[in-house]
Amino acid sequence: MHQALVLIFIFLAYGSLSAQTNYYPSTKTFYEDGYVYQCEIDESGMITLYNKDNSFTYAHYANNDDTRVSDDVLLGRVQLIEDDNWTRSKCGEIANNVFSSSERVNVANGEYFVRMIVNTSTGKVDEVFFRFMYNDPFVTVPVSTFRKLELALKEKIWFTVTPAGKKLKFIQRGWMQEVSPTPQLERPELFPRE
């Protein structure tokens, strides 16, 4: 009886360890079904994960006419996007709910960084990338989950760009996302796009 319990414990422990695979131990490229993601790790251990089609992951603000971007824009003293009452909460819902039940067990109460690149002509999200540390639980989340989040943000989120924002080549919007132990209830968009 004692040996059977030990064997059961070993199998459970092994299953738990194998479920905790680190997908991002080093800089590498993921060739997936219909998309390619890049994982880069800097000297501090920060992982940047993004779609290889992205153009602005490491870009700095630039004006469409290639003139110098004003300090007011760089310091956040100019409103680039109109205020609304739904976008931030909807982004958070999407970024919290993307995880499967088993992934959520590993990442619950952890935080990761989500950054969106907004098209200044359309207000739509053109690019998304993610950051987390090499020792965060998010290293156990496969690329496919981050891809699912990228696609959901591109499909469901948009902004109204101000005249000042339209002068830029792109606008960045980002936040630290905490993952709750349970999914949030989806709320309908307050102002659905026509």
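Read-outs: derived from the displayed coordinates by stated rules, not from any lab. Quick caveat: nothing in here was measured; it's all calculated off a predicted structure. Here the Cβ positions follow ideal geometry from the backbone for every residue, glycine too, while neighbour counts run over all protein chains shown.
For the chain, find the longest principal axis of its Cα atoms and tell me its angle to the long axis of helix 143-156, 0 to 90°, nearest 10.
Approximately 30 degrees, to the nearest ten.
So what is the relative contact order for segment 34-88, in percent, with contacts set as C-alpha pairs under 8 Å and at least six apart?
Over segment 34-88, the number comes to 19 percent.
Obtain the radius of gyration and the Kirkwood radius of segment 43-97 from its C-alpha atoms and give Rg over Rh.
1.04
Between beta-carbons, use under 9 Å as the cut-off and find the net charge around Glu111, counting Lys and Arg +1, Asp and Glu -1.
Net of charged neighbours comes to -2.
Which of Val141, Val105, Val118, Val36 comes first, and how do the rest follow, when ranked by fewest Cβ neighbours within 10 Å?
Val36, Val105, Val118, Val141
Under a straight-distance cross-link criterion of Cα-Cα below 28 Å, which lysines are reachable from Lys156, leaving out those fewer than 8 residues away in the same chain?
Lys52, Lys90, Lys124, Lys148, Lys166, Lys167, Lys169
For segment 23-178, with only Lys/Arg (+1) and Asp/Glu (-1) charged at the beta-carbon, what is the dipole magnitude about the Cα centre, in debye rounded to 20?
240
Ignoring trypsin sites (Lys or Arg not before Pro) that are buried or in helix or strand per DSSP, and keeping those with at most 16 other beta carbon atoms within 10 Å, what is the longest stretch of the chain between them?
78-192
Give me the angle, in degrees from 0 to 90, between the Cα long axis of helix 87-97 and the longest principal axis of the Cα atoms of the chain, rounded to the nearest 10.
With rounding to tens, the tilt is 20 degrees.
If you stretched the chain out fully between Ser26 and Tyr58, how much longer would it get, using 0.36 nm times the residue separation minus the C-alpha to C-alpha distance?
9.7 nm is the gain from fully extending Ser26 to Tyr58.
Helix 2-18: angle to the longest alpha-carbon principal axis of the chain, degrees 0 to 90, nearest 10?
20
Among rounded, prolate and oblate, which fits segment 23-178 when a ≥ b ≥ c are the square roots of the eigenvalues of its C-alpha gyration tensor, a/c under 1.5 means rounded, and a/b larger than b/c means prolate?
prolate
Under a crude label model (7 Å from the Cα following the beta-carbon direction), how far is Asp83 from Glu111 in nanometres?
Those two pseudo-labels are separated by 2.3 nm.
Ser102 to Asp66: extension gain in nm, 0.36 nm per residue of separation minus the Cα-Cα distance?
The Ser102-Asp66 span can extend by a further 8.3 nm.
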